[in-house]
């Protein structure tokens, strides 16, 4: 079970762009997100397929990913690390997601999640570098 299972969006400060889209269990099947989607189903149509009328908000996934990012990284503007020129300890959102083991193209809403996180911040520094 993921440490993020118990994180509630109601308890989290909403810092990312809201995505008004919903994803069903079928679209998340065989992905890292399958259980998270299944645990958050509501009576809503899926925005990624016509198959289901029970879906989870994509914001649930985005919130959990952003929480995980913030365990190891922080926005460069909150550190003394200059993002330019990009060094070996400064990463964009795509690089951070890859380093955390996420394949955002494995799920239909991946591009929406990336854009939402980029709207919050797109240049990240490893937390241990900040002072």
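Go through the range 96-117 and give me each residue that's more than 12 Å from residue 74 (Cβ to Cβ) and touching a strand residue (DSSP E or B) at 6+ places or on another chain (Cβ under 8 Å).
Across the range 96-117, the qualifying residues are 99, 107, 108, 109.
Are there any pairs with C-beta distances below 7 angstrom linking a residue in the range 68-83 that is on the phi < 0 side of the Ramachandran plot and at pLDDT 70 or above to a residue that is in a helix (DSSP H, G or I) and surrounded by fewer than 18 Cβ atoms within 10 Å (Cβ to Cβ), with the two at least 6 apart or on different chains, and if so which?
68/4; 72/127; 73/127; 74/127; 79/129
The values are calculated or read from the model by the stated rules, or taken from the named source; none is laboratory data. As the structure is a computational prediction, the values presented were derived from the model and not from experiment. Don't worry about glycine lacking a Cβ; one is built from the backbone with ideal geometry, like all the others, and counts go over all protein chains shown.
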